[in-house]
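Here the structure comes first, spelled out in structure tokens, and everything after it is commentary.
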Amino acid sequence: MQTQRPQPKLTYPCEWVYVLIGASEVELRSAIEHVVANKRHTVALSHTSAKGKYISFKVLVVVHNDDERTGIYHAFHTHPATKLVL
């Protein structure tokens with residue numbers, strides 16, 4: 001039997017970190033600017049795979065409510081440059 005994890009209790013506005021993984025640094029940076037250009041955010045290189053095939057960034061964004069937080073996640077998730085969003 002599977003149990004659901006309780007939703008986190010967040011106080012908005014708050015800072016939320018998305019980890020994006022993709023194959024191209026240029027395309028990932030473009031995706032970040034496309035999705036959060038008009039929001040307060042910071043971007044930091046997180047990791048590059050040993051063979052250089054994948055790269056990840058931590059994107060910290062100030063979000064104001066659950067809808068905005070999940071909307072940004074879905075925008076990153078559906079962007080063609082993004083292979084995985086954590």
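Got a number for residues in the range 63-72 being free of Cβ contacts under 8 Å to residues at least 12 places away in the same chain and either within 14 Å of the chain's Cα centre (by Cα) or assigned to a strand (DSSP E or B) (or both)?
Taking the range 63-72 as the starting set, the residues that turn out to be free of Cβ contacts under 8 Å to residues at least 12 places away in the same chain are 67-68, 70-71.
If we keep only those that are either within 14 Å of the chain's Cα centre (by Cα) or assigned to a strand (DSSP E or B) (or both) as well, we get 68, 70-71.
Looking only at that region, the number is 3.
For the range 38-62, which residues satisfy the criterion of being of a type in the set (S, T, Y) and either exposed (fewer than 15 other Cβ atoms within 10 Å of the Cβ) or part of a loop (DSSP other than H, G, I, E, B) (or both)?
If the condition is that a residue be of a type in the set (S, T, Y) and either exposed (fewer than 15 other Cβ atoms within 10 Å of the Cβ) or part of a loop (DSSP other than H, G, I, E, B) (or both), then T42, T48, S49, Y54 are the ones that fit.
Which of the residues that make up the range 56-86 are within 14 Å of K39 (Cα to Cα) and of a type in the set (S, T, N, Q)?
Selection gives N65 alone.
Among A75, A23, which is the only one that is of a type in the set (A, V, I, L, M, F, W, C), touching a residue at least 40 places away in the same chain (Cβ under 8 Å) and out of contact with any strand residue (DSSP E or B) (no Cβ under 9 Å at 6 or more places or on another chain)? Write out each step before concluding.
On the way: A23 fails: out of contact with any strand residue (DSSP E or B) (no Cβ under 9 Å at 6 or more places or on another chain).
On inspection, the qualifying residue turns out to be A75.
Every residue, every condition in (1) open to solvent by 40 Å² or more (accessible area, probe 1.4 Å); (2) in contact with a helix residue (DSSP H, G or I) (Cβ under 9 Å, 6 or more places away or on another chain), yes or no:
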| position | (1), (2) |
| --- | --- |
| R5 | yes, no |
| V19 | no, no |
| R29 | yes, no |
| V36 | no, yes |
| H64 | yes, no |
| D67 | yes, no |
| V85 | no, yes |
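The values are calculated or read from the model by the stated rules, or taken from the named source; none is laboratory data. All figures in this text were calculated on a predicted structure; none of them were measured in a lab. Heads up, the Cβs are rebuilt from the backbone with ideal geometry, glycines too, and the neighbour counts pull from every protein chain shown. Please note that ligands, DNA and RNA were not included when accessible areas were found on the heavy atoms of the full protein model with its side chains. Shrake-Rupley method; radii C 1.70, N 1.55, O 1.52, S 1.80 Å.
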